[in-house]
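What follows is a single structure, written as structure tokens, with notes after it.
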Amino acid sequence: MTETTIIAQTTNWIKSVVIGCNFCPFAAKALLKKGIRFVVSPESSVAKSMENLADEFRFLDNNPETETTLLIFPDNFSDFNEYLDLVDLAEALLDDLGYEGIYQVASFHPEYVFAGAEDDDPANYTNRSIYPMLHIIREDSITAALENYPGAENIPEHNIAFAQQKGLLYMQMLRAACIEG
């Protein structure tokens, strides 16, 4: 699969699921302003993934017009537990490099399951992406967005309720359409 296809599918997912379901009320602005950087990391080992993550922290340091980065792993970390280990390493690297409070790492995976949730809970689709990925977000952007969005603390509960109300089949089909379309 080409990098162009992977980015197009991920963009479809952002438009249809993240923005379309209003899971992140701030995503539309970043997408419209072309403030999302897509980095595809094929055939990536854990060590290479951490190197790529560090590179993206530095890229964001030097490119303030880029709001956020999606580091996409189309060929690796398909096992969710293995991916969670990667997320732990990403959080440790963020801290080790002194980026705690500057950037935040969010996690998205095709088999995402919230702690305590069943595999088939539609709410898992709030974080089920097309490919395993790490989302690097500027802390300042989060703070500014939250100041201008009343009730932001209720976003996770809203997302869970929306996905559960729509149901598993709807959420599965919505995400599947991003790959096909």
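The values are calculated or read from the model by the stated rules, or taken from the named source; none is laboratory data. Since we're looking at a predicted model, the values are computed, not measured. Cβ: placed from backbone, ideal geometry, glycine included. Neighbour counts: every protein chain shown.
Observations on the structure shown:
To keep it simple, each residue is scored yes or no on (1) under 19 Å from ARG37 (Cα atoms); (2) at pLDDT 95 or above.
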{"site": "LEU84", "(1), (2)": "no, yes"}
{"site": "ALA92", "(1), (2)": "no, yes"}
{"site": "GLY98", "(1), (2)": "no, yes"}
{"site": "ASN127", "(1), (2)": "yes, yes"}
{"site": "TYR131", "(1), (2)": "yes, yes"}
{"site": "SER141", "(1), (2)": "yes, no"}
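- Members of region 61-85 found to be touching a Gly at 6+ places or on another chain (Cβ under 9 Å) and either closer than 19 Å to ILE130 by Cβ or assigned to a helix (DSSP H, G or I) (or both), listed by number: THR68
- Pairs are defined by a Cβ separation below 6 Å, a sequence spacing of at least 6 or placement on different chains, a first member in region 129-156 that is without any contact (Cβ under 8 Å) to a residue 60 or more places away in the chain, and a second member that is of a type outside the set (A, V, I, L, M) and surrounded by fewer than 14 Cβ atoms within 10 Å (Cβ to Cβ); the pairs so defined are GLU139/GLY101.
- For region 86-101, the set of residues classified as touching a residue at least 24 places away in the same chain (Cβ under 8 Å) and in a helix (DSSP H, G or I) consists of LEU86, VAL87, LEU89, ALA90, LEU93, LEU94, listed by residue number.
- Residue match in region 63-86 (condition: surrounded by fewer than 18 Cβ atoms within 10 Å (Cβ to Cβ), among the small types (Gly, Ala, Ser) and more than 23 Å from GLN9 (Cβ to Cβ)): no
Yes/no per residue for (1) among the aromatic types (Phe, Trp, Tyr); (2) at pLDDT 95 or above; (3) touching a strand residue (DSSP E or B) at 6+ places or on another chain (Cβ under 7 Å):
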{"site": "MET1", "(1), (2), (3)": "no, no, no"}
{"site": "ILE6", "(1), (2), (3)": "no, yes, yes"}
{"site": "VAL17", "(1), (2), (3)": "no, yes, no"}
{"site": "PHE23", "(1), (2), (3)": "yes, no, no"}
{"site": "ALA27", "(1), (2), (3)": "no, no, no"}
{"site": "LEU32", "(1), (2), (3)": "no, no, no"}
{"site": "GLY35", "(1), (2), (3)": "no, no, yes"}
{"site": "SER44", "(1), (2), (3)": "no, no, no"}
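- Taken as a whole, the condition of being in a helix (DSSP H, G or I), among the aromatic types (Phe, Trp, Tyr), within 21 Å of LYS15 (Cβ to Cβ) and under 18 Å from the mean Cα position of the chain (by Cα) does not apply to TYR112.
- Residue in region 67-87 that is of a type in the set (A, V, I, L, M) and more than 13 Å from the chain's Cα centre (by Cα) present: yes
- Matching residues, region 10-68, being free of Cβ contacts under 8 Å to residues at least 12 places away in the same chain and over 23 Å from ALA90 (Cα atoms): ALA28, LYS29, LEU32, LYS34
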